[in-house]
Amino acid sequence: MNERPLTPTLDRVTVPSDLKALSNRELRQLADELRAETISAVSVTGGHLGAGLGVVELTVALHAVFNAPHDKIIWDVGHQCYPHKILTGRRDRIRTLRMKDGLSGFTKRSESPFDPFGAAHSSTSISAALGFAVARDLGGDAGDAVAVIGDGAMSAGMAYEAMNNAGHLKKRLFVVLNDNEMSIAPPVGAMSAYLSRLYAGAPYQELKAAAKGAISLLPEPFQEGARRAKEMLKGMTIGGTLFEELGFSYVGPIDGHDMEQLLSVLRTVHDRADGPVLIHVLTKKGKGFAPAERASDKGHATGKFDPVTGEQKKAPSNAPAYTKVFAQSLIREAEADDRIVAITAAMPDGTGLNLFAERFPKRCFDVGIAEQHAVTFSAGLAASGLKPFCALYSTFLQRGYDQVVHDVAIQRLPVRFAIDRAGLVGADGATHAGAFDVAYLANLPGMVVMAAADEAELVHMVSTAAAIDDRPSAFRFPRGEGVGVEMPERGRPLEIGKGRVIAEGGRVAILSFGTRLSEVLKAREALSQRGLAPTVADARFAKPLDRELILQLARHHEALITVEEGAIGGFGSHVAQLLAEEGVFDHGLKFRSMVLPDIFIDQASPEDMYAVAGMNAPEIEAKVLEVLGVPSVASKRA
């Protein structure tokens, strides 16, 4: 007999508790509608599509079984949280994802009570969930804690630190391992191979339950099969899984797109668990949208696209992307020097090292989501005489800072840090802003810190870093396209610690560090119309500083303004320290430092974010007028 068609279910869901009234069949339909809604929304906004599509059924099942927000569901990284947002009262705003004043592309505590813990970097969920579980048992909110973590994120050491602690404390805690054989790039390392072995054999959940005596944790349909499997195991020795050795009851692998199986397993462990449980769920990233399933990254991150064909709508640009310029420059250097090797942490495409790997597969290393290891691994390579380029986003290098200090800087090892996504990055918001690397690197003895003003300068800085053999170095560059300058055939090493004067002027000097230089030049053009053309210089180096250039600018101008795409404590602070030590302020120099403000700036376009930061051309122009005491147009109108 054919089942009667169901009426639409997504329109009946405002909050997760509405799922409790739905049958299993209706929950299956809800998943289909939720997947379609996710595709439709992301086609309008762009964003992280593949991860969310892979967990649609899991999202529905978790919210059907658990009781958020009383129960805390914590999504590791947050790439996969769009379906969760749709089900938790934010469907009416889902087409504002990653836009100014819209929904964050990640989980965010201030956005919704259904986001108990904010995320955007990986491998934090188990630690946070354990914190909620312990707080519960100490008299806090009595709800359960559920961490949903991907197999890619399990390559980070923090996940195992948390599991080790959770197994020791034996608190009731649920970890859902979302195993899609894919993080942002295909997974690497022994953990990936281990997980593959776990589900290579037939019904593994039955065999392991039998072997470890965990039959009671399985739903009834699995229990008889597990008992039969136990008979097969007579005379065999099967050791516990890694997760069981860490103190977790292991259930799985289960099909993450089979709603019946998901609901059955989750309901059973929810009702019976009295300690930490790991549920191993197999999913497909990009599930249900053919263009994403076919893509090499499974539709990990996408711009706006056609929801039927998947074709992305991208504005044309004549300027090359900084990331590609870096990769091509590094390839040219590596062709001339076989000691050059490249290291990334699960971001070969994002850092451009996929291009390097195509040319030099044996000299490129993706270490997985393991920035601490990436840094110290690079240090070991440098100590052995190789020339490692460790390519990480600024915001991810933060995760390996102790290793930068202890393993690289103190030993003065020539690791070259290629820092992508420097400055404000747009739609990913505060969690991915490269705001702090200048400050946290320039205070390290012996470190060379550079920032490219444009794509041509980046080519020269790659060459400069390759030539530095006696100390660590770093060069930073932003996300997106360059400014369209003429490109050199090959990079040439710059003189360490030497900047350059771009344009001569009078009264005020603007010393730029990084790609705000183009905005500085726009401001200079506007100021020239007033007869106030400033001198403009490109510092190139935050460490070592160009003392001669800085003191010359200070001596020959009544005011000096520094501009940088970083937080206070970086380039401008080092310049101020130099000027103070040299007694320049005693002679009446007016000094201002334009830095990112002391706030975390929410997602918007980069231009809008820099407007909030007060660092676009109009704000630079206004700063010059203010320091000279010249009324601006705005103040005249007022």
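The values are calculated or read from the model by the stated rules, or taken from the named source; none is laboratory data. Computed from a predicted model, the values in this text were never measured in an experiment. Glycine gets a Cβ as well: all are built from the backbone with ideal geometry, and neighbour counts include every protein chain shown.
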field: Selection count, segment 610-628, where residues are β-branched (V, I, T) and over 34 Å from the mean Cα position of the chain (by Cα)
entry: 2
Within segment 139-153, considering residues that are more than 20 Å from V60 (Cβ to Cβ) and part of a loop (DSSP other than H, G, I, E, B), the one modelled with the highest pLDDT: G139
- prompt: Among the residues of segment 598-638, which ones are touching a helix residue (DSSP H, G or I) at 6+ places or on another chain (Cβ under 7 Å) and at pLDDT 95 or above?
  reply: N616, A617, I620, E621, V624
- request: Assess whether R476 counts as being surrounded by fewer than 16 Cβ atoms within 10 Å (Cβ to Cβ), under 27 Å from E607 (Cβ atoms) and not small (G, A, S).
  value: no
- prompt: Does R91 qualify as being within 30 Å of Y610 (Cβ to Cβ) and either of a type in the set (D, E, K, R) or touching an Asp or Glu at 6+ places or on another chain (Cβ under 7 Å) (or both)?
  reply: no
field: Filtered residue count, segment 295-317, keeping only those that are at pLDDT 75 or above and more than 23 Å from the chain's Cα centre (by Cα)
entry: 6
query: Which pairs have Cβ atoms under 6 Å, sit 6 or more apart or on different chains, and link a residue in segment 124-139 that is of a type in the set (S, T, Y) to one that is buried (at least 23 other Cβ atoms within 10 Å of the Cβ) and not in a helix (DSSP H, G or I)?
result: S125/I74; S125/D76; S125/A147; S125/I149
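For (1) free of Cβ contacts under 8 Å to residues at least 40 places away in the same chain; (2) under 30 Å from R95 (Cβ atoms); (3) touching a strand residue (DSSP E or B) at 6+ places or on another chain (Cβ under 8 Å), each residue gets a yes or a no:
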site	(1), (2), (3)
G380	yes, no, no
A383	yes, no, no
H406	yes, no, no
P414	no, no, yes
L424	no, yes, yes
D428	no, yes, no
A442	no, no, yes
message: Residue under question is E335, and the condition is that it be assigned by TED's automatic domain parsing to the domain that holds M461 and acidic (D, E); does it hold?
response: yes
message: Can you confirm whether A321 is without any contact (Cβ under 8 Å) to a residue 12 or more places away in the chain and within 21 Å of M461 (Cα to Cα)?
response: no
query: Within the set of pairs 6 or more residues apart or between chains, which connect a residue that is under 17 Å from S43 (Cα atoms) and not assigned by TED's automatic domain parsing to the domain that holds L177 inside segment 280-306 to a residue that is at pLDDT below 80 and β-branched (V, I, T) with Cβ atoms less than 6 Å apart?
result: H300/I184
message: Based on this model, can you work out whether A346 counts as in contact (Cβ under 8 Å) with a residue 40 or more places away in the chain, within 24 Å of the chain's Cα centre (by Cα) and either under 25 Å from A51 (Cα atoms) or crowded, with 21+ Cβ neighbours inside 10 Å (or both)?
response: yes
Residue in segment 59-70 that is over 26 Å from D255 (Cα atoms) and not charged (D, E, K, R) present: yes
query: Quick one: which of G385, G368, G380 is assigned by TED's automatic domain parsing to the domain that holds A433, among the small types (G, A, S), in a loop (DSSP other than H, G, I, E, B) and surrounded by fewer than 21 Cβ atoms within 10 Å (Cβ to Cβ)?
result: G385
message: Condition first: part of a loop (DSSP other than H, G, I, E, B) and of a type outside the set (A, V, I, L, M). Now tell me which residues in segment 414-457 satisfy that.
response: P414, R421, G426, D428, F436, N443, P445, G446, D454
- line: Restricting attention to segment 390-413, the residues that are of a type outside the set (G, A, S), outside any helix (DSSP H, G or I) and either crowded, with 23+ Cβ neighbours inside 10 Å or outside the structural domain of G368 (by TED's automatic domain parsing) (or both) number exactly 3
Scan of segment 385-429 for residues that are touching a Phe, Trp or Tyr at 6+ places or on another chain (Cβ under 7 Å) and among the acidic types (D, E), ordered by number: D420
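One line per residue, one yes/no per condition, for (1) surrounded by fewer than 24 Cβ atoms within 10 Å (Cβ to Cβ); (2) more than 22 Å from A622 (Cβ to Cβ); (3) among the charged types (D, E, K, R); (4) modelled with pLDDT of 95 or more:
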site	(1), (2), (3), (4)
R524	yes, no, yes, yes
L532	yes, no, no, no
R540	no, yes, yes, yes
R547	yes, yes, yes, yes
F571	no, no, no, yes
- line: H460 passes all but one of the listed conditions (1) of a type outside the set (A, V, I, L, M, F, W, C); (2) part of a helix (DSSP H, G or I); (3) touching a residue at least 40 places away in the same chain (Cβ under 8 Å); the exception is number (3)
